[in-house]
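Bear in mind these aren't lab numbers, they're just calculated from the coordinates by the rules spelled out. Owing to the predicted nature of the structure, the values given are computational and were not obtained by experimental measurement.
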Amino acid sequence: MIKNHNGSKLGITTSHKKAMLRNLSTSLFLHETITTTLPKAKELVRYSEKLITKAKKSDLNAIKAIHSEIKNKDVIKKVFDVLVPRYKDRNGGYTQILKVGSRRGDNADIAIVKLIV
């Protein structure tokens with residue numbers, strides 16, 4: 001039987017993937033642009049857009065949900081004070097992936113992930 005598996009495993013354990021996506025999304029929200037490999041960028045876009053969509057409700061449950069995912073208080077403040085008002089009229093599509101080229105050492109595809117202004 002074929003089952004739907006959402007998302008790529010990225011060759012790492014589930015706990016490592018969760019931690020990596022939390023760290024990448026924290027950096028993305030803090031700096032608004034980051035450079036990473038293309039598969040990680042695709043997973044990051046899925047993860048971070050869900051977080052922004054949750055945060056747009058701005059009720060107590062949304063605040064607790066974002067606190068459980070992001071541990072940096074400065075980033076949480078930025079999400080609710082800067083990003084939520086910026087995207088209040090937008091239905092998805094908060095991030096953008098730009099393919100840059102290949103990494104020199106192992107020829108991995110590199111991408112820039114940006115928050116749309």
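A few comments on the model shown:
- With respect to the chain, whose longest principal axis is taken over its alpha-carbon atoms, helix 60-69 is tilted by about 30°.
- Unsatisfied cross-links (Cα-Cα over 19 Å) in the set Lys18/Lys42; Lys50/Lys71; Lys40/Lys64; Lys71/Lys99; Lys78/Lys114: Lys40/Lys64; Lys71/Lys99
- Volume of the convex hull of the chain (Cα atoms only), normalised per residue: 139 Å³.
- Angle between the chain longest axis and helix 38-55 axis [Cα atoms, degrees, rounded to 10]: 10
- Long-range HN-HN contacts of Ala108 with modeled amide H, under 5 Å: Arg103
- Subtracting the Cα-Cα distance of Ser102 and Lys77 from their residue separation scaled by 0.36 nm leaves 5.5 nm.
- Calculated [222 nm] ellipticity per residue, helices only, for the chain: -14000 deg cm²/dmol; basis is -39500 (n - 2.57) per DSSP H run with n ≥ 4, divided by all residues, nearest 500.
- Using alpha-carbon coordinates, inclination of helix 14-31 to the longest axis of the chain, degrees: 60
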